[in-house]
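Written below as structure tokens is the structure these notes are about.
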Ligand code: SAM
């Protein structure tokens, strides 16, 4: 495909496209255009992505690319790229590869000499960090904490981290996780960002003790990102 006025080689281009984390309007015009033009869209959950495509009247074919089939499907997408056809990769929400499948496909594509391009856009990491009220000049992104093995070790490692820490968490584990974070890290400043860009968006800023106490008194729903102060920031 022609890109930025330059012809690429005979292979197709693999476009990594960020999609909204809630509000369907949060996507770039360039991304919408490319989603219209590519040969196929590799999507984590085709039903979720269909909602976005319908919103923008995009008719491009969807093909699933989930963590459980990514190795098998990666080969199929590479064949399409080798035929000179472009492929767009999207995840359910936000930036592909950020706690979502992608790494394997990019590795394969690069090994095959395929051009990989990013169409940047939303990601819950940066959205939560920027509204947290905590230092954002240096931060670490941990994604989801391990569920069993290595969880304690990871928590202890994070307790020594000087930079602001960003974690993803599910609503049914949030109470347990906040309790553990308070136990291991002490009463750090923290922010809980829930349902960003959606109707019930909220950001609760405070400290780990208060957040852990409050977590036990509420029923949690929706998507949550936690931002925690690094070890050098005074306690909350
Ligand atoms: N790739 C996505 C990104 O770039 O943000 C993240 C995918 S990960 C499987 C999903 C997790 O991201 C959720 O469990 C939640 O922790 C976080 N998340 C996604 N959307 C969010 C939102 N609107 N508000 C707060 N956190 C969100």
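Per-structure values
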read-out	value
Boolean, residue 221 is out of contact with any strand residue (DSSP E or B) (no Cβ under 8 Å at 6 or more places or on another chain), in a helix (DSSP H, G or I) and surrounded by fewer than 18 Cβ atoms within 10 Å (Cβ to Cβ)	no
Which listed residue is within 16 Å of the ligand (Cβ to nearest atom) and out of contact with any strand residue (DSSP E or B) (no Cβ under 8 Å at 6 or more places or on another chain), from 96, 101	101
Any hit, region 164-171, residues being closer than 25 Å to residue 202 by Cα, surrounded by fewer than 17 Cβ atoms within 10 Å (Cβ to Cβ) and at pLDDT 95 or above	yes
Only listed residue being over 23 Å from residue 201 (Cβ atoms) and modelled with pLDDT of 95 or more, chosen from 12, 94, 5	12
Those residues of region 172-193 which are within 16 Å of the ligand (Cβ to nearest atom) and part of a strand (DSSP E or B), in sequence order	190, 191, 192, 193
Contacts under 7 angstrom Cβ, first residue in region 72-101 being in contact (Cβ under 8 Å) with a residue 24 or more places away in the chain and under 14 Å from residue 121 (Cα atoms), partner near the ligand (Cβ under 9 Å from one of its atoms) and part of a helix (DSSP H, G or I), 6 or more apart	94/124; 98/125
Candidates 196, 211, 134, 147, filtered to the one that is farther than 23 Å from residue 100 by Cβ, within 16 Å of the ligand (Cβ to nearest atom) and assigned to a loop (DSSP other than H, G, I, E, B)	134
Extreme residue, farthest from residue 203 (Cα to Cα), among residues of region 105-129 that are more than 16 Å from the ligand (Cβ to nearest atom) and outside any loop (DSSP other than H, G, I, E, B)	111
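The values are calculated or read from the model by the stated rules, or taken from the named source; none is laboratory data. Only a predicted model underlies this, so the values are computations on that prediction, with no experimental measurement involved. Cβ: placed from backbone, ideal geometry, glycine included. Neighbour counts: every protein chain shown.
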